[in-house]
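Note sheet for the following structure.
The values are calculated or read from the model by the stated rules, or taken from the named source; none is laboratory data. These numbers come from a predicted model, not from an experiment. Glycine also receives a Cβ, built like all others from the backbone with ideal geometry; neighbour counts cover every protein chain displayed. Just so you know, the surface numbers come from the protein's heavy atoms only, side chains and all, with ligands and any DNA or RNA stripped out. Shrake-Rupley method; radii C 1.70, N 1.55, O 1.52, S 1.80 Å.
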Amino acid sequence: MNLATMAAGVAEPKWTWAWGWFRWAALLGVLLGSLLMLLLPRGSREEPCTLVLKGLTLLRSRLDGGHRAAAGKPGPPITAATGLSVTAGGVDLLVVKQKPSADVQLEAKAALKQALEMKRQGKRAKAHKLFSHALRMNPDDVEALNEFGIFSEEEEDIVRADFLYGKALALSPCHQKALRNRDRTLPLVEEIDQRYFGLLDAKVKKVMAVPKGDSALRRVMEEAYFHHIYHTVAIEGNTLTLAEIRHIVETRYAVPGRSLEEQNEVVGVHAAMMFVNTTLLARPGAVTLRDVLDIHRRVLGYVDPVEAGRFRRSQVFVGHHVPPHPRDVPRQMEEFTQWLNSEDAASLHPVEFAALAHYKFVYIHPFVDGNGRTSRLLMNLILLQAGYPPITIRKEQRAEYYHVLQVANEGDVRPFIRFIAQCTETTLDTLLIATTDYSVGLPEARSPGPPSDGRTIPVKT
């Protein structure tokens, strides 16, 4: 008898004994769970799967909070209201957003009725608050969306009206009133869109007219480089300061007392940005799937070398969005890169093209981690190839950024393109201001919400 046979002979009885105890323990757990369900008051009983989900959510919130606190990161809030994904033991669970109760729906309908009455009486400020209140209680009320759209259109807020009609149609595609209203607002919105693109193009020409050797332009571009690294990792929860990130990039030395994982995230983004700037931009031709994998390999390579540049092999959940199954990721990424190099994509305005590429990429969510950082770099690669400067989504804009991505997942990608266009304009304004006689720092992030002049962005997919 060799060593392998002896080991098998010893281990098998132990495993059989352990498995027997496991089966008895599982049976006992089921019986206790059933007894608990019978003892609970009728009003407090929940489905067993709900109880298990809540238990795993609580466990994950504690475990994940502890791990991230050790790394200098705050633990993510995990609640049923936010719909954040929960990972327990390598299995991804989605906390489903609950629909409003019957009482809440009745209150929402009462608020809508009162809003219409206030509108009839000419009390438009009160009507606006009541419309908003009705939709906060029941965001999927098609009638409230359509009526608030009509109200917004009367207030000459065409952008909001078109958005509300579009959301109503996403929920009820055959809603006749919303269809007629959308047919009226859509051409007006597209006309505004084209004017905004023209404004961006004019600002790009002014920036391109600045001599390349201009010291002020060179200085602000250098600052923008560090700002991009700082904000793109901060959006993901990195707590390093701008000064610490600059120290890491310039000296290649670690910051004592700070999380090595967070510092490796900085090194990875810096390496990916250098790859984009020195290799991809200098090489003419199409953006290939290998290029996308190479960007991600650098983004994640210093934090998780095993998963860097490798498609995920497990199902993940991103908020309420369920990305494609792992077996479909390679095919969808092939189709994505084909679209990147298609005539349809080339016919789009550069800002629209870059925003749609960003969104399509995160919709597929091809990697286990680093999807946001990779998509933002890919977006900037497209902008740079078109002669636009790279843009930065600031950490202060995180809530708005995720909100417009969620709206896009719900069927309207226009607000996300609009958001990217605003970020582009902020970057262009920064460069133009920096190259004038007045020296100023990088501007703060815009306040959330659409532009005050009602500019929008067209959508072509």
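Looking at Arg180, is it open to solvent by 60 Å² or more (accessible area, probe 1.4 Å) and farther than 20 Å from His403 by Cα? So Arg180 fits the description; yes. The set of residues in region 145-167 being touching a Ser or Thr at 6+ places or on another chain (Cβ under 6 Å) and of a type in the set (Gly, Ala, Ser) consists of Ala161 alone. Under the condition of being farther than 15 Å from Val329 by Cα, open to solvent by less than 50 Å² (accessible area, probe 1.4 Å) and free of Cβ contacts under 8 Å to residues at least 40 places away in the same chain, the residues counted in region 271-295 number 4.
Take the residues in region 92-104 that are of a type in the set (A, V, I, L, M, F, W, C) and open to solvent by less than 60 Å² (accessible area, probe 1.4 Å); name whichever of them is modelled with the highest pLDDT. Give the derivation first.
Taking region 92-104 first, the residues of a type in the set (A, V, I, L, M, F, W, C) are 93-96, 102, 104.
Next, from what is left, pick out any that are open to solvent by less than 60 Å² (accessible area, probe 1.4 Å): 93-95, 104.
Details: Leu93: 32, Leu94: 35, Val95: 36, Val104: 92.
Selected residue: Val104.
Scanning region 427-444 for residues that are aliphatic (A, V, I, L, M), under 27 Å from the mean Cα position of the chain (by Cα) and modelled with pLDDT of 90 or more turns up Leu428, Leu431.
Conditions (1) in a loop (DSSP other than H, G, I, E, B); (2) among the hydrophobic types (A, V, I, L, M, F, W, C); (3) open to solvent by less than 60 Å² (accessible area, probe 1.4 Å); (4) in contact with a strand residue (DSSP E or B) (Cβ under 6 Å, 6 or more places away or on another chain), marked per residue:
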residue: Lys206; (1), (2), (3), (4): no, no, no, no
residue: Ile229; (1), (2), (3), (4): no, yes, yes, no
residue: Val233; (1), (2), (3), (4): no, yes, yes, no
residue: Gly237; (1), (2), (3), (4): yes, no, yes, no
residue: Pro256; (1), (2), (3), (4): yes, no, no, no
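Looking at this structure, is Ala202 open to solvent by less than 60 Å² (accessible area, probe 1.4 Å), within 24 Å of Thr392 (Cα to Cα) and either of a type in the set (Lys, Arg) or part of a helix (DSSP H, G or I) (or both)? Considered against the rule, which asks whether it is open to solvent by less than 60 Å² (accessible area, probe 1.4 Å), within 24 Å of Thr392 (Cα to Cα) and either of a type in the set (Lys, Arg) or part of a helix (DSSP H, G or I) (or both), Ala202 comes out as yes.
Among residues belonging to region 296-320 that are outside any loop (DSSP other than H, G, I, E, B) and open to solvent by 20 Å² or more (accessible area, probe 1.4 Å), point out the one that is nearest to His403 (Cα to Cα). Working first, answer last.
Of region 296-320, the ones outside any loop (DSSP other than H, G, I, E, B) are 296-300, 318.
Keeping just the survivors that are open to solvent by 20 Å² or more (accessible area, probe 1.4 Å) gives 297-298, 318.
On the way: Arg297: 28, Arg298: 28, Val318: 12 Å.
Looking at residues that are outside any loop (DSSP other than H, G, I, E, B) and open to solvent by 20 Å² or more (accessible area, probe 1.4 Å), I get Val318.
Hey, does region 153-172 have a residue that's open to solvent by 90 Å² or more (accessible area, probe 1.4 Å) and at pLDDT below 90? No, region 153-172 contains no residue that is open to solvent by 90 Å² or more (accessible area, probe 1.4 Å) and at pLDDT below 90. Can you run down the residue pairs with Cβ atoms below 6 Å, 6 or more apart or on separate chains, where the first is in region 393-404 and open to solvent by less than 90 Å² (accessible area, probe 1.4 Å) and the partner is assigned to a helix (DSSP H, G or I)? Here the result reads Ile393/Tyr401; Ile393/Cys423; Arg394/His231; Lys395/His231; Lys395/Ala234; Val404/Pro415; Val404/Phe416; Val404/Phe419, each pair linking region 393-404 to a residue that is assigned to a helix (DSSP H, G or I). Name the single residue that is nearest to Ser152 (Cα to Cα) among those in region 105-123 being open to solvent by 70 Å² or more (accessible area, probe 1.4 Å) and assigned to a helix (DSSP H, G or I). Among those residues, the one meeting the criterion is Arg120.
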